[in-house]
Structure formats: structure tokens, C-alpha cells
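The values are calculated or read from the model by the stated rules, or taken from the named source; none is laboratory data. Fair warning: this is a prediction, and the values are worked out from it, not measured in the lab. Glycine also receives a Cβ, built like all others from the backbone with ideal geometry; neighbour counts cover every protein chain displayed.
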Amino acid sequence: MTDPDHRHISIILDRSGSMERVKEDTEGGLRAFLREQHEVQARTTVSLYQFDDRYEVVYENKPLADVPDFALHPRGTTALLDAVGRTITRLGDDLADLDEARRPGEVVVVILTDGLENASSDFSRSRIREMITHQQEKYRWVFVFLGADQDAFAAAGGMGIGPGNALNYTSRNTRESFRSASSMLRRARANGGDYSFTQQERDDASG
């Protein structure tokens, strides 16, 4: 049995050039998101990955209290599928190395992007859909998709993430999107796992 008191959150963050316009809001939104997760009654570890046409591990498996501050430096294009595929692979391998009793009982992967896929070479959309579906159905991982200035429902659906876990937001409301995601995750933990955005959370993010 996995550890019901341990929750892990992996964040996949777009750092492509178009994120320059929301650099400060992204940094502030992420700080607030992590701060608010302290309210959850669970031991929480966090991993942060950023991507453009390259993929970078910022930190992995940090206790929430030890997460360092983060500065975003936008550049490059948007290899979204590769970033998602590499994160799922890394996280899956890490958890497989642990005894079951030490694995987190709750695993959440949050994806935030303001652009459409345009640079992946290692993972196809169909492959990502297979991977996400497998993790959701076999291990009950939760995937949350935050998409700015796009049809987030279509983008998330193409990867196998349901509409309840997808959030449309405008780039000027980047901080609000983090706030809505934080609210949803805290509520789901308190209520036993209803991972879906409320209409109020959607309204707050869409402006």
C-alpha cells in the first residue's frame, strides 16, 4: 500500500520565448501556489521541470518547506510533448525504485503552457496520450493542464487529460491560473479526490 500521508506534485513549466510577457506573474504565481500547498494536511514533495526546445530539471523531490525560489528565463520554442514524456518517464522510474509503502499515495502532475506544441522530436501526441492514460488508470496519477490563450480543453484532451482537469486562462491572468489550480488541489485533498475545477475557479482564471 502506498503512503496516504505523502503527496507528490510535479510541475512542468513552459519557458519558451513567449513567456517573457508573463515572466513576473509566472514567478509570483508559482511562489503563491507552493505557499498555499502548505495548508494541505499531507507531507508534500515537489519537482519542477522547465522546457522550451530543451528540457531542464530545476529540482526534484524537494520537501515543500525546502523548495528554493525560482527565476524564469524565457527562450526558445515549445517542445511540450517531449517535456511531458520525459517527466512521466523520470517520475515513474523514481517511484518504481521505492518500496510500495514509501511511494506517495497522491501524485499530481501540473502542466502550464502559453503556446502550442511546435518542437518535440522524441514523443508523439499519441504516445503521450497512451502514457498519461496508463498512469491515470493504473496508478491514479492526476494530470492538470493550464493553457493560456488557446483551447486548453482540446490541447489537454489530445494528451488524454479530461476537461474537468483543464483550465483555460488568459496570459494576463497567469497568477490567477495558479491560484485556481491551488484551490482545486487543496479542495480535492480535503474532499477525498474530486479533481476538477469549479466554475468559480474557471471564471477567476479567465478574467
Which one of these does residue 117 not meet: (1) assigned to a loop (DSSP other than H, G, I, E, B); (2) among the charged types (D, E, K, R); (3) surrounded by 19 or more Cβ atoms within 10 Å (Cβ to Cβ); (4) in contact (Cβ under 8 Å) with a residue 40 or more places away in the chain? (4)
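Starting from residues that are touching a residue at least 40 places away in the same chain (Cβ under 8 Å) and out of contact with any Ser or Thr (no Cβ under 9 Å at 6 or more places or on another chain), keep the ones in region 16-35 and report whichever is nearest to residue 64 (Cα to Cα). Give the steps one after another, and end with the answer.
The initial filter retains those residues of region 16-35 that are touching a residue at least 40 places away in the same chain (Cβ under 8 Å), namely 16-23, 25-30, 32-33.
Subset that is out of contact with any Ser or Thr (no Cβ under 9 Å at 6 or more places or on another chain): 20, 23, 27, 30.
Values: 20: 26, 23: 22, 27: 16, 30: 12 Å.
Result: 30.
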Members of region 147-170 found to be buried (at least 18 other Cβ atoms within 10 Å of the Cβ) and of a type outside the set (A, V, I, L, M, F, W, C), listed by number: 147, 160, 165, 168, 169
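Starting from residues that are more than 20 Å from residue 14 (Cβ to Cβ) and of a type in the set (A, V, I, L, M, F, W, C), keep the ones in region 46-66 and report whichever is surrounded by the fewest Cβ atoms within 10 Å (Cβ to Cβ). Let's see the steps before the verdict.
Just the residues of region 46-66 that are more than 20 Å from residue 14 (Cβ to Cβ), to begin with: 61-66.
Next, from what is left, pick out any that are of a type in the set (A, V, I, L, M, F, W, C): 64-65.
Details: 64: 17, 65: 8.
By that ranking, first place goes to 65.
Restricting region 67-80 to residues that are without any contact (Cβ under 8 Å) to a residue 60 or more places away in the chain and surrounded by 12 or more Cβ atoms within 10 Å (Cβ to Cβ), which is farthest from residue 91 (Cα to Cα)?
First, pick out the residues of region 67-80 that are without any contact (Cβ under 8 Å) to a residue 60 or more places away in the chain: 67-74, 79.
Still in the list and also surrounded by 12 or more Cβ atoms within 10 Å (Cβ to Cβ): 67, 70, 72, 74, 79.
Working: 67: 18, 70: 21, 72: 22, 74: 24, 79: 18 Å.
The qualifying residue farthest from residue 91 (Cα to Cα) is 74.
Taking the criterion of being within 25 Å of residue 22 (Cβ to Cβ) and either buried (at least 16 other Cβ atoms within 10 Å of the Cβ) or in contact with a His (Cβ under 7 Å, 6 or more places away or on another chain) (or both), would at least one residue in region 87-95 satisfy it? Outline the logic, then answer.
Residues of region 87-95 that are within 25 Å of residue 22 (Cβ to Cβ), as a first pass: 87.
Still in the list and also either buried (at least 16 other Cβ atoms within 10 Å of the Cβ) or in contact with a His (Cβ under 7 Å, 6 or more places away or on another chain) (or both): 87.
Within region 87-95, one or more residues are within 25 Å of residue 22 (Cβ to Cβ) and either buried (at least 16 other Cβ atoms within 10 Å of the Cβ) or in contact with a His (Cβ under 7 Å, 6 or more places away or on another chain) (or both).
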Residues in region 171-201 that are farther than 21 Å from residue 5 by Cα and surrounded by 15 or more Cβ atoms within 10 Å (Cβ to Cβ): how many? 11
Within region 176-199, considering residues that are modelled with pLDDT of 95 or more and more than 20 Å from residue 29 (Cβ to Cβ), the one farthest from the chain's Cα centre (by Cα): 199
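Taking helices (runs of 4 or more DSSP H) that fall entirely within region 132-207, which contain at least 2 residues that are in contact (Cβ under 8 Å) with a residue 60 or more places away in the chain, touching a helix residue (DSSP H, G or I) at 6+ places or on another chain (Cβ under 6 Å) and polar (S, T, N, Q)?
Result: 174-191.
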